[in-house]
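The values are calculated or read from the model by the stated rules, or taken from the named source; none is laboratory data. In this text the structure is predicted, and so the values were computed from the model without any measurement. A quick note on method: Cβ atoms are made from the backbone with ideal geometry, for glycine too, and the neighbour counts reach across all protein chains shown.
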Amino acid sequence: MSEPTAEPADAATRRAARPVVCYTVDRLPPFDAAFYAGVRAGPSPIGTIDIPPRDARAFRVPAGHLFRIVCVDGPQVGDLNLWNADDLGERFFSGKTRQLHATHVTTGDRLWSSLPGLRPMATVTHDSLAWYGWDEDGAGVHDVIGTRCDPYTNHLLTGVDYDRCCHSNLVRALATATGLSPDEAEAHVHDVLNVFMCTGFERDTHRYFMKASPVRPGDCLELFAEIDLLAALSACPGGDCGAGHSDDAAACHPLRVEILRPSAKALAGWRPASRNGYAGRHGVSMKGGRQ
Ligand SMILES: [Zn+2]
C-alpha cells in the first residue's frame, strides 16, 4: 500500500492525458480470413495427444498445420508453451503478445516469439469461447497475463512442496520430448498462454484474479502453426481454476490436442513466417564503438 499523498493542484489535468495504444497495431500483418477459412476447410487429422489431468505432454506441429486444444471431459484450463522446433531459444513471448493484441487472445490474434525472432509462431483460427467477450467483472478467456502455477511461488506462500504445478508438468514434458535433463529443460519453460482460463484484474486493486472457466466439453481453441513448433500443454491442477490451484483439491480433467493437415491447395503459395528483419546491431559498431 502506498502512503496517502496530497494531490497536486493540477492533478485533474495530469489524469486527463489521452490514452494512446502503445503500438501502431493497425500495421500488424492482417488476418487473412479467406486464407484461414481455406486452411480450415476439411483438414486431415494426423494425430491426437491426450493430456492427463495434472500432467503435460509435448508434441510437434509442422509449419502449415493446425492444432486444436479440446475440452473433452469437464471444465479444464490448459497452460501452453511453444518453441521453435529447431531452436528452443526462440519461444512464445507472452508479454509482447499482450502488448500487440490484448490481455486475452481470440480468433485472428497471433502468438509472437521472443526477441530477436519476433515473428508469429501461431495464429488463432477458431475460438469456440469467442462469445464470452468481456464479462461484468472485466474478465475474459485465454489470457496472456498470468505466468503459470509453479512450485516456487506455492512454497513461498504456503510452505508446501507440490510437484504437479503447470511449471513442473511442462518441465517433465519438455525433458521427455527432448532428452534434456529436467534442470536443462526447466530453463526453457516460459510464461504461457492460459488456454480456457477466465481472468481479469480487480477494479479497485488491479490485482490479478481468476474465476471458473466457462469452457465445456466440445469447446476448443484452434491454432495454425506459422513455423515448425514444439509445443507443451499442461492440464492445470486448478481444473477450471474456479477456486484454487497448486494442490490436489480441484476436480481436474484431461485435455486433448488434435493435429490436422490442411489441403495442399489451401496452402498453395504460403510460406512459414520469417524472422524479424532488424539488423541487430543495437547501436554497436563492428569495432565495438557506438554508431
Ligand atoms: Zn497451472
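Go through Cys236, Cys252, Cys220 for me and flag whichever is within 16 Å of the ligand (Cβ to nearest atom), in contact with a Lys or Arg (Cβ under 7 Å, 6 or more places away or on another chain) and at negative phi. Steps first, please.
Working: Cys236 fails: in contact with a Lys or Arg (Cβ under 7 Å, 6 or more places away or on another chain); Cys220 fails: within 16 Å of the ligand (Cβ to nearest atom).
Result of the check over Cys236, Cys252, Cys220: Cys252.
His142 is checked against (1) touching a residue at least 40 places away in the same chain (Cβ under 8 Å); (2) more than 30 Å from Ala273 (Cβ to Cβ); (3) crowded, with 21+ Cβ neighbours inside 10 Å and fails just one. What number does that condition carry?
It fails just one condition, (2).
If you take the residues of the stretch 154-194 that are of a type in the set (Val, Ile, Thr) and more than 11 Å from the ligand (Cβ to nearest atom), which of them is farthest from Asp55 (Cα to Cα)? Walk me through how you get there before you give the answer.
Looking only at the stretch 154-194, we keep the residues that are of a type in the set (Val, Ile, Thr), and these are 158, 160, 171, 176, 178, 189, 192.
The next check asks that each one be more than 11 Å from the ligand (Cβ to nearest atom); those that pass are 158, 160, 171, 176, 178, 189.
Numbers: Thr158: 21, Val160: 19, Val171: 10, Thr176: 12, Thr178: 17, Val189: 14 Å.
The selected residue is Thr158.
Are there any pairs, at least 6 apart or on different chains, whose C-beta atoms fall under 6 Å, with the first in the stretch 224-250 and without any contact (Cβ under 8 Å) to a residue 24 or more places away in the chain and the second in a loop (DSSP other than H, G, I, E, B) and within 13 Å of the ligand (Cβ to nearest atom), and if so, which?
Note: pairs meeting the criteria are Ala250/Gly238; Ala250/Gly239.
Looking at Ala34, Ala9, Ala41, which one is farther than 21 Å from Leu267 by Cα and among the small types (Gly, Ala, Ser)? Write out each step before concluding.
On the way: Ala34 fails: farther than 21 Å from Leu267 by Cα; Ala41 fails: farther than 21 Å from Leu267 by Cα.
Going through Ala34, Ala9, Ala41 in turn, the sole match is Ala9.
Can you tell me which residue in the stretch 35-86 is nearest to the ligand (Cβ to nearest atom), limited to those that are within 17 Å of Asp228 (Cα to Cα) and assigned to a loop (DSSP other than H, G, I, E, B)?
Only one residue fits best here, namely Ala85.
Restricting attention to the stretch 155-173, which residues are farther than 26 Å from Ala58 by Cα and touching a Pro at 6+ places or on another chain (Cβ under 8 Å)?
none
Taking Val160 as the residue in question, decide whether it is surrounded by fewer than 21 Cβ atoms within 10 Å (Cβ to Cβ), modelled with pLDDT of 95 or more and among the β-branched types (Val, Ile, Thr).
Values: surrounded by fewer than 21 Cβ atoms within 10 Å (Cβ to Cβ): yes; modelled with pLDDT of 95 or more: yes; among the β-branched types (Val, Ile, Thr): yes.
When the stated conditions are applied, Val160 passes them.
Tell me yes or no: at least one residue of the stretch 209-217 is part of a strand (DSSP E or B) and touching a helix residue (DSSP H, G or I) at 6+ places or on another chain (Cβ under 9 Å).
Taking the stretch 209-217 first, the residues part of a strand (DSSP E or B) are 209-211.
In the following step, the residues that additionally are touching a helix residue (DSSP H, G or I) at 6+ places or on another chain (Cβ under 9 Å) were identified as none.
Within the stretch 209-217, not a single residue is part of a strand (DSSP E or B) and touching a helix residue (DSSP H, G or I) at 6+ places or on another chain (Cβ under 9 Å).
Has the stretch 196-208 got any residue that is within 16 Å of the ligand (Cβ to nearest atom), in a helix (DSSP H, G or I), buried (at least 18 other Cβ atoms within 10 Å of the Cβ) and of a type in the set (A, V, I, L, M, F, W, C)? Before the answer, list the steps.
So the first thing to find is which residues in the stretch 196-208 are within 16 Å of the ligand (Cβ to nearest atom), and the list is 196-199, 208.
Then drop every residue that is not in a helix (DSSP H, G or I), which leaves none.
No, the conditions are met nowhere in the stretch 196-208.
Looking at Tyr132, Tyr162, which is the one that is at negative phi, of a type outside the set (D, E, K, R) and in contact with a helix residue (DSSP H, G or I) (Cβ under 7 Å, 6 or more places away or on another chain)? Before the answer, list the steps.
Values: Tyr132 fails: in contact with a helix residue (DSSP H, G or I) (Cβ under 7 Å, 6 or more places away or on another chain).
Within the list Tyr132, Tyr162, the selection yields Tyr162.
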